[in-house]
Structures are given as C-alpha cells and as structure tokens.
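To start, the structure itself, in structure tokens.
Every number here is computed from the coordinates shown, using simple stated rules; none is lab data. On a predicted model such as this, the values are computed, not experimentally measured, just so you know. All Cβ positions, even for glycine, are placed from backbone atoms using ideal geometry, and neighbour counts span all protein chains on display.
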C-alpha cells in the first residue's frame, strides 16, 4: 500500500501536522483533545490550535479541550493549568469559536477528601487505586459520553508517545487500528482514538516547545519548562481507563498520592526552592503511615467482613483538623467548602 503523500514529511512536526490535517478533513466527528498541561499534551494542543487557525475558513467542526481537576494536584501545577486554560479559553473565544475548554471535576462524594475523611477510605495503594476511577476516569467519561450522545461519535486525541515507557509502547503497538490510523477506545462507546505525536521522541517534544514559544494563545511556555526543570519528571495525563499507569513517582500527579513509595516530583519542587511544600510532603507521608496501622482503622470492612476497614471516626476527625491547619500553614486552598460540608454530613 502506498503511503499517504500528505503524511510523508521530513520532520516530526510536519508529519503530525499532516496527520491532523488529513484527519480533520475526513469526516464531521467532533474532536476531544485531552490536555493535562504537561509537555506532551501541550504539544498536541498547540498543533491542533495552529491547524484550526489555518483551516478556520473551512467548515468548522466542534473541538472540545478537556482537562481534569482532581482537587489534589500540586498547588503550583494546579495554578499553572488554571492559568493556561483561562488563556486558551479567552483566545479561542474570538479566534476559534468552534473550540471550547472544559475542566472536569469529580462529584463531591467522589473526591479524595470526601472518600478518605468523609467515608474513611484508606489512602490508595497499587492494588486499591480507588482515586483513579472516581477522580479522573468518571468525570472525563461523563463529558465525552455527553458529546457522543449529541454527535453520535467522537475522535479522542491523546498526546501518548511510544517512547514514554516500554510498557506503553507495547500497548500502543498491540492496538487494532482503522485504515486512518485510529483505534476504538476499549471502554468508551463510539469513541475513536488518535495519537498524532506517537512517534515523537522526548527531544522532539522539547525542541517543538522551545521553537514555538509563545503558543498561539496568550502566555508562554517558560513556567512549564521551569516546572520540568524543578521536578525532573513527566506529566500526569488525562486518564480515561485503568490501563493508564499511576501518576505518582516522577510524574506531576496528586500531592496526596500514596500509591508510590515516594513522590519524586514533589521532592524536586522542594529541592528547587519550593520549601513551602515540605508540610504537604510530611502530611502525605502520614497518610501512608496510618494506612498501614490497623489500630487507626475499624475492625470490619464496609461490607461487614472482618477488617481492616475504614479509618475510625476519631482518626477522620483528626485528619480534617490537621488538613485545615495545613491549609493555613502553606497558604493554599487544599479542600473545598463543599467537601467540608459533605464530610460533616457523613
């Protein structure tokens, strides 16, 4: 089979741009662009945004930019994402009215603090990763399933790359693809997945961001580049299924993550001058420690079988008091009023 001449190009940027242009013209399916604020998803969104500016005289299709707010991201990462989304939304309002920005959040009874303090859930482990389903997968899927109900089908654009990890590369290579290089999402009905920068190296990503700074929306990539220098880590992607690995370790993830032994990105922030985050690290370590202490937990599980079960009521009360004191100490909002009301009701 002869290769599509539009996709045969000399550089990763040209190849990705050609793939996107060809895909955009294929049909009327709306696009959903997953944006976490990290380097890979920023490259993807910038390619899409630039393409839409080029094609704006053509018949426009809806493009939805989706980001996720778990409520427990590292404060500097959360603030950066909020600023970036504000800039993208403001820029697109006049330049690209067919592009809309959506920040999804878990329902109040599904948040980290509502589960841990309100319901007594032990902090997540590698084998009991309740946070991913409740805080990341469900909110994103609700939005996408609403779009498919209105439009019939969507193309989900992800910034996934083979070079990210050997395991991810194996999963990508194992997927069945259509003639257009799309693969059906195995959990979201009527959603096809495209990965336009799948063959990019990490060097390709950084070269693009540096060469295309500032982006076509207001702002620049300087803070993003500095975040990576501080954390020496990777981004935590928008999550749509449980096959996505934990965001802990060296990825920008939740500051409360107890799935991993240590949070290297938070340690990198602290070592780079963000000493104000040291109390967050200590609180996270405490959550991990009390999870392993059966004396902090009920003797029966929620279903009635013999324990260890949820945290004891007095432990949950103490954790709430400690969390509110931590808020005052670090000067950051760490829990919402809605979560506090839910916890009090429990």
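What's the angle, to the nearest 10 degrees (0 to 90), between helix 222-231's Cα axis and the longest principal axis of the chain?
The answer is roughly 50 degrees.
Under a plain spin-label model, where a point goes 7 Å from the Cα along Cα-to-Cβ, how far apart in nm are residue 272 and residue 57?
Result: 4.3 nm between the two label points.
Shape of segment 244-325 from its Cα gyration tensor (a ≥ b ≥ c, root eigenvalues): rounded if a/c is under 1.5, otherwise prolate when a/b > b/c, or oblate?
It comes out oblate by the Cα gyration axes.
With runs of 4+ DSSP H residues as the only contributors, calculate the mean residue ellipticity of the chain at 222 nm using -39,500 (n - 2.57) per run, divided by the residue total and rounded to the nearest 500.
The helix-only estimate for the chain comes to -13000 deg cm²/dmol at 222 nm.
Any idea what angle helix 278-291 forms with the longest principal axis of the chain, computed on alpha-carbon atoms, 0 to 90 degrees, nearest 10?
Long axis of 278-291 versus the principal axis of the chain: about 70 degrees.
Taking the mean number of other Cβ atoms within 10 Å as a proxy for protection, how do you rank 183-190, 33-40 from highest to lowest?
Ranked by mean Cβ neighbours within 10 Å, highest first: 33-40, 183-190.
I'd like to know how segment 1-142 sits against the 2.2 N^0.38 Å rule of thumb: what's its Cα Rg over that expected value?
Cα-based Rg divided by the globular estimate yields 1.28.
Roughly how many Å is it from the Cα centre of segment 26-52 to that of segment 106-135, as a whole number?
30 Å
Kindly work out what percent of the DSSP beta bridges joining two residues of the chain are antiparallel, to the nearest 5.
Of all bridge pairs located within the chain, approximately 20 percent are antiparallel.
Once you put a point 7 Å from the Cα of residue 211 and another 7 Å from the Cα of residue 328, both along the Cβ direction, what distance in nm separates them?
A separation of 5.3 nm, rounded to one decimal place.
Give the label of the value calculated from the structure for Cα extents along the principal axes in Å, choosing from (i) 108, 68, 36; (ii) 66, 44, 39; (iii) 58, 53, 41.
Entry (ii).
Under a GNM of the chain (C-alpha, springs under 10 Å), which listed residue has the highest mean-square fluctuation: 14, 296, 26?
Of 14, 296, 26, the most mobile in the Gaussian network model is 26.
Starting with the highest mean, order 64-72, 89-97 by the number of other Cβ atoms within 10 Å, averaged over the residues of each peptide.
So the peptides 64-72, 89-97, ranked by packing, come out 64-72, 89-97.
When ranked by the protection proxy of mean other Cβ atoms within 10 Å per residue, highest first, what sequence do the peptides 43-53, 329-339 form?
43-53, 329-339
Rounded if a/c is under 1.5, else prolate if a/b is larger than b/c, else oblate: which is segment 291-339, with a ≥ b ≥ c the root eigenvalues of its Cα gyration tensor?
It is prolate, given that a/c is not under 1.5 and a/b is the larger ratio.
Compute the separation of the alpha-carbon centres of segment 270-285 and segment 308-346 and state it in Å as a whole number.
19 Å
When a/c reaches 1.5 or more, the comparison of a/b and b/c decides; with that in mind, is segment 63-113 rounded, prolate or oblate per its Cα gyration tensor?
oblate
Report, to the nearest 10°, how far helix 202-211 tilts away from the longest principal axis of the Cα atoms in the chain, using its own Cα long axis and a range of 0 to 90°.
70 degrees
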